[in-house]
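These notes are about the structure you will find just below.
The values are calculated or read from the model by the stated rules, or taken from the named source; none is laboratory data. Model, not experiment: these values are computed from the prediction. Every residue, glycine among them, receives a Cβ derived from its backbone with ideal geometry; neighbour counts consider all protein chains shown.
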Amino acid sequence: MSFRSNALAMLTGTVMAQALPLLAAPVLTRLYTPEAFGLQTLFMGLAASLAVLATCRMDLALVLPPDDGEALALVAFMAATTLATCALTWLAVPAVAAVTGRELPLAWMALLPLMVLATAVFQLATGLAARRRAFRQVAGAGVANQGTYVGAALALGLAGTWSLGLVIAKLAGQAVGAVLVWRTAAAEISAAFRRRSLAAAMAAARKYRQFLVFNTPYSLVGSVARDAPVYAFSAFAAVGLAGFFGLSRTVLLAPTLLASNAFSQVFYREAVALKGSPRLQDLTVTLLRAGLLVLAPLFAFCAVWGDALFATLFGEGWRTAGVFAMVLAPAAWLAVQTGWPERLFEVNMRQGVSFAVQLTSDAVTALAFAATFWFTRDGVVAVAVYAACNVLYHHVYLAAIFRISGFSAGLLARTLLAGWLVFGASCAALAVIRVEGGQAGVAGWAPAMALAAVASAALGWRLARHGLRGSFAGGLR
């Protein structure tokens, strides 16, 4: 299949997968408390961090080996590290509870290792599917994952209020997705176990040690830093604020996950093939420009009308989540633009650069957020500091991507400037509508959303005619 066909398959599946929980959110926020959402967000953050240790991010290396034998050796290595991580997690959860003196829900002792296992299997099998360009199957597994989560969460919520209902639903969805994507790579995984060899597995791990040395700590630190507000809120017994943050992040990062899930693996595979060709810069800049300009009006709408939108959709009790969304909107808009081109670090085997940028940024962000919340006890102010740090990080990260890839820094600067001009103009226009309109509720934000959608569609149409068409006509088929 072509790049566009693969991207379309992943885009379609990812849109469906992201749409399901978002469409169900107005119902779920009325079935579950902010504390339940906070507990789910904390659980998923811990599981994501542990899954990094389970795979050592070697799943990203599976598209690189020139022969299948070497890829299968990596699979065997990841199988061993996954089982070891799950076993240690099973022992560590009660140990942490005993040391800290905090009573954790007993279900965590069983659910957390299972979630780590399901997440690691999904990532491993997805890496193998990307090697074979089986993107349709991966997209289908993602839809099944989210569909199962939504169905289970609704069923448990309607059956009665249960703080762990969302956690159990997340595990059920991840397990179904893992089983389905496993089936697409069952032959390769079975072959890896039949041909298991400790020497071959260690040899493959040494050859691709860049992923272990850089991607593992990079992803782990990134996961912890991304959830720093959740951990900090939970540590200060403000699990409700963690729930508000979790919902706002879920809504705002839906486009980021969409772009990352839809384009990251496809772009990665294409970038490996186009490495050293001018067409790779053309493809990267074209996608970056499209993401910045087309999404600017929509994220500007969130920055101006977020509180009113959340209060209407999710209930007045979730207005604080909308305020969080307002201050996070610029950072979330930029996050869409770094979710897929980061694969260029792996293509160029320069993970050390991404690790240095990520580690420095994450340390500063986490410390800045924790210090702000410690001194102010104001969640909005702390989240605003967190967002500002992330805005700076995304600029530095994109600059690093362009530098290690040998792309034009001037071209990046012009592209970013154009994006910020559109974002600023959109915010100004929407702010005028809010100040002058005087309408509350749906009557206020609905026309503003329609205007933002029209502006976004117009920019997309213009790019499709004058930018994207010309870029893809060069042979990216």
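Assorted remarks:
- Those residues of the range 41-68 which are aliphatic (A, V, I, L, M) and farther than 22 Å from LEU164 by Cβ, in sequence order: VAL52, LEU53, ALA54, MET58, LEU60, ALA61, LEU62, VAL63, LEU64
- Evaluation of SER405 against (1) exposed (fewer than 14 other Cβ atoms within 10 Å of the Cβ); (2) assigned by TED's automatic domain parsing to the domain that holds THR286; (3) at pLDDT below 90 (one fails), failing number: (1)
- Residue in the range 390-407 that is over 21 Å from VAL304 (Cβ atoms) and not in a helix (DSSP H, G or I) present: yes
- Filter result for GLN137 (touching an Asp or Glu at 6+ places or on another chain (Cβ under 6 Å) and either modelled with pLDDT under 90 or crowded, with 22+ Cβ neighbours inside 10 Å (or both)): no
- All told, ALA232 meets the bar of being buried (at least 19 other Cβ atoms within 10 Å of the Cβ) and of a type in the set (Gly, Ala, Ser).
- Test for GLN146: is it under 18 Å from VAL52 (Cα atoms) and of a type in the set (S, T, N, Q): no
- Boolean, THR376 is of a type in the set (S, T, N, Q) and over 25 Å from the mean Cα position of the chain (by Cα): yes
- Qualifying position, being in a helix (DSSP H, G or I) and surrounded by 15 or more Cβ atoms within 10 Å (Cβ to Cβ), among VAL422, VAL454: VAL422
Results for (1) at pLDDT 85 or above; (2) within 26 Å of PHE244 (Cα to Cα); (3) of a type in the set (Phe, Trp, Tyr), shown as yes or no for each residue.
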| residue | (1), (2), (3) |
| --- | --- |
| LEU50 | yes, yes, no |
| VAL63 | no, no, no |
| ASP67 | no, no, no |
| ALA79 | yes, no, no |
| LEU88 | yes, no, no |
| LEU91 | no, no, no |
| VAL99 | no, no, no |
| ALA107 | no, yes, no |
| GLY127 | no, no, no |
